[in-house]
Every structure is written in structure tokens, then in C-alpha cells.
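The structure appears below as C-alpha cells.
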Amino acid sequence: MPSLVPLHNALSQNSVDFNSQTPINDRGLLRYSVQDYNTNSHTLTPADFNSVCIFAGDTQLVLSNFGGVTPPTGTEIIFLSRTGYVRVSTLNASLYTSNGPFTQGPYFAGKIIHLNNNVWVFAGTNWNPNAFTVNNCCADTTTIYQLNTSAVFEGAMRAYTTVDLTVPFNGTIESYSDPVYYWNIFKNGYLTSTTADDCATYDYSVPYTFYAGPDPIYDAISFYSVTGQTPTVRASLNGNKFFLSDVGTQHDCYSTDAVSPGAPLNYHANPGDFPNSPLIFMDGYVINIT
């Protein structure tokens, strides 16, 4: 029969058998611990074994070899983002999925389970981005990626130019709603306006001063874009394209001399920001505006 004498600070010298006993308490004895990282990137560690990991924004979660620590078979890690998706990437580990390495979006939880030899399976619902090839304003096509379950492009969802959903799409694409063709303008991945008029052109002739390295005080460089921007205020650059030269009036899909990664990769709007707070360009657009 159960003892009537409480055991204070008792230590178990062997494994505790809960096969025929149900633990009852109001704190402490939990199957999962909670790790609230509140970041958008994280490399999993042994501290995350059998935990719920919580993040913010679109998150890259790196599944590695845990510094040589072998997870017990059946180890589980649950993860979710409050405001975005979670993408699991692997480094010295293997991950099996039914569809892809993504959770679907905010508060959609994913779970990975360790099998053996750092081989994991993504349990539960998981997704891969859909690719959509659409017309742009340069009599050409653009491929855009979205994390949705539909074969139809969703204007309300954020759009990306890369399949790993790391580079937001900027520019104008065509859509069709019988019997009218529309032009949809995206900034930083988000649809901001739609028009049935002809595809717009922009005057990319206004110079703006940026700075490169390794000595940004002297390495000033002029980039050209539309009027009305303030480079030191990142939000003002949102969705606006920059060129290495004055290219005049063009569609936003014009690519000659567009500022892109090179040497150096990063530029700065103020020499005092160097080497922190760089602006990262891709195809003329700043892509690290959140």
C-alpha cells in the first residue's frame, strides 16, 4: 500500500518504472521543456532534445550533429514560429519529409523524431514551396515561389524569388481574371497595388550616395533610382530598384547594371554604420528589409 510518510528530496538510484504508475503533480514533471528563443535562426543543440522551440518571423532551423552528442532513438523536437514559417536545413544530418522542410506558417507546429545515426523524420504536416511562372513587364517571364497548398498563385501570401524562401520578390507581374489582365506590384514580397493599366515605367536617374568597404569613408559610390528616397531610412527603400548607372526610364524588370551581390557584397547608407547594418542587394533591390 502507498506510504503515508512523505519523502523529502528523495533520489532514485535506478530507473523509475512508470509503465504501471501514472505520475501526478502540478509542476516540474513534464515531457517537454519550452525554449522560447524569439529569434529567426537557430542551430539545434542537445538542450533542445524533447523541447518545444518557439521562434519569431521566418526562421531557419539548422539540424546538425549536435557537436558529436548522439540523440537517443525517439528524441523529439517540436518547433513553431509565432509570425512566420520554420524551415529545417541539415548539416551533417539527414531529414526525411513527406513534402518538404517547411511548416506552413504562423503557429503551425512541426516535429522531428530521431531514428538513429542522426537520421530524423519530419513528423506531421510539412510543406514545400510552389513555383509559379508568370509574365513580367519585359516581354519575359518570372518564377515566383510561395508557401501555399494551392496550385493557384495567392496574392495575399508573401512571394519569393528563391525556392528556399530567403529572398523576397520585388517587381510587377501579370495576372488574369476573365476577361481582364492585371498588373500586380510587389514590394518586399507583399502585393501592394493592382492596376488594369499598361505596365508602369520608372525614371531611374536620381543619384544616391552609398558606401562600400573596406574604408567606407572614402569608398563612396553612386547608385541611381527613383526620386524621393532616404537611404538612411530602410523603409523608404522598400520595393525601389537601384542601378550602377543612370539607365533613364525603364520597367522595373530591366536588369542591366542593377545592383547585385559582388565585391563587396554589402553596401551602407552611412559611413558610420560600417561594418554593421549593411544593405544587401539582389537584382537591384534591398532584400534585408523586414
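Just need a number here: residues in region 126-170 that are assigned to a loop (DSSP other than H, G, I, E, B) and aromatic (Phe, Trp, Tyr).
2
Just give me the residues in region 214-225 being out of contact with any Lys or Arg (no Cβ under 8 Å at 6 or more places or on another chain) and buried (at least 16 other Cβ atoms within 10 Å of the Cβ), in sequence order.
PRO216, ASP219, PHE223, TYR224 - these are the residues of region 214-225 that are out of contact with any Lys or Arg (no Cβ under 8 Å at 6 or more places or on another chain) and buried (at least 16 other Cβ atoms within 10 Å of the Cβ).
Check TYR202, TYR160 and return the single one that is within 17 Å of ASP283 (Cβ to Cβ), of a type outside the set (A, V, I, L, M, F, W, C), buried (at least 16 other Cβ atoms within 10 Å of the Cβ) and without any contact (Cβ under 8 Å) to a residue 40 or more places away in the chain.
So the residue among TYR202, TYR160 that is within 17 Å of ASP283 (Cβ to Cβ), of a type outside the set (A, V, I, L, M, F, W, C), buried (at least 16 other Cβ atoms within 10 Å of the Cβ) and without any contact (Cβ under 8 Å) to a residue 40 or more places away in the chain is TYR160.
So ASN136 clears everything in (1) polar (S, T, N, Q); (2) surrounded by 14 or more Cβ atoms within 10 Å (Cβ to Cβ); (3) without any contact (Cβ under 8 Å) to a residue 40 or more places away in the chain except one condition, right? Which one?
With (1) polar (S, T, N, Q); (2) surrounded by 14 or more Cβ atoms within 10 Å (Cβ to Cβ); (3) without any contact (Cβ under 8 Å) to a residue 40 or more places away in the chain applied to ASN136, the lone miss is (3).
If you scan region 52-80, which residues turn out to be of a type in the set (Gly, Ala, Ser) and either over 16 Å from VAL121 (Cα atoms) or under 20 Å from the mean Cα position of the chain (by Cα) (or both)?
ALA56, GLY57, SER64, GLY67, GLY68
Within region 81-135, take every residue that is aliphatic (A, V, I, L, M) and within 16 Å of VAL52 (Cα to Cα) and give me the one that is nearest to the chain's Cα centre (by Cα).
Among them, the one singled out is VAL86.
Hey, does region 175-186 have a residue that's crowded, with 18+ Cβ neighbours inside 10 Å and closer than 26 Å to SER41 by Cα?
Yes, the conditions are met somewhere in region 175-186.
Could you tell me which numbered condition LEU265 fails, if it satisfies all but one of (1) within 25 Å of the chain's Cα centre (by Cα); (2) within 23 Å of PHE186 (Cα to Cα); (3) aliphatic (A, V, I, L, M)?
Just one mismatch for LEU265, condition (2).
Just name the residue that is farthest from the chain's Cα centre (by Cα) out of those in region 163-184 that are within 22 Å of TYR202 (Cα to Cα) and free of Cβ contacts under 8 Å to residues at least 60 places away in the same chain.
Among residues in region 163-184 that are within 22 Å of TYR202 (Cα to Cα) and free of Cβ contacts under 8 Å to residues at least 60 places away in the same chain, the one farthest from the chain's Cα centre (by Cα) is TYR181.
Quick test of your reading of the structure: GLY100 fulfils all but one of (1) without any contact (Cβ under 8 Å) to a residue 40 or more places away in the chain; (2) in a strand (DSSP E or B). Name the failing condition by number.
Here GLY100 meets the rest and fails (2).
Where in region 58-97 are there strands (runs of 3 or more DSSP E), lying wholly inside it, with at least 3 residues that are at negative phi, of a type in the set (A, V, I, L, M, F, W, C) and crowded, with 19+ Cβ neighbours inside 10 Å?
76-81
Being farther than 30 Å from SER225 by Cα, touching a residue at least 40 places away in the same chain (Cβ under 8 Å) and either in a loop (DSSP other than H, G, I, E, B) or outside the structural domain of TYR182 (by TED's automatic domain parsing) (or both) is the requirement here; does ILE112 meet it?
Spelling it out, ILE112 is indeed farther than 30 Å from SER225 by Cα, touching a residue at least 40 places away in the same chain (Cβ under 8 Å) and either in a loop (DSSP other than H, G, I, E, B) or outside the structural domain of TYR182 (by TED's automatic domain parsing) (or both).
Given the conditions (1) more than 25 Å from MET157 (Cα to Cα); (2) among the charged types (D, E, K, R); (3) in contact (Cβ under 8 Å) with a residue 12 or more places away in the chain, and given that ARG234 satisfies all but one, which numbered condition is not satisfied?
Of the numbered conditions (1) more than 25 Å from MET157 (Cα to Cα); (2) among the charged types (D, E, K, R); (3) in contact (Cβ under 8 Å) with a residue 12 or more places away in the chain, the odd one out for ARG234 is (1).
The values are calculated or read from the model by the stated rules, or taken from the named source; none is laboratory data. Note that the coordinates shown come from a computational prediction; the quantities given were computed from them, not determined experimentally. No Cβ is skipped: glycine too gets one built from the backbone with ideal geometry, and neighbour counts run over all protein chains shown.
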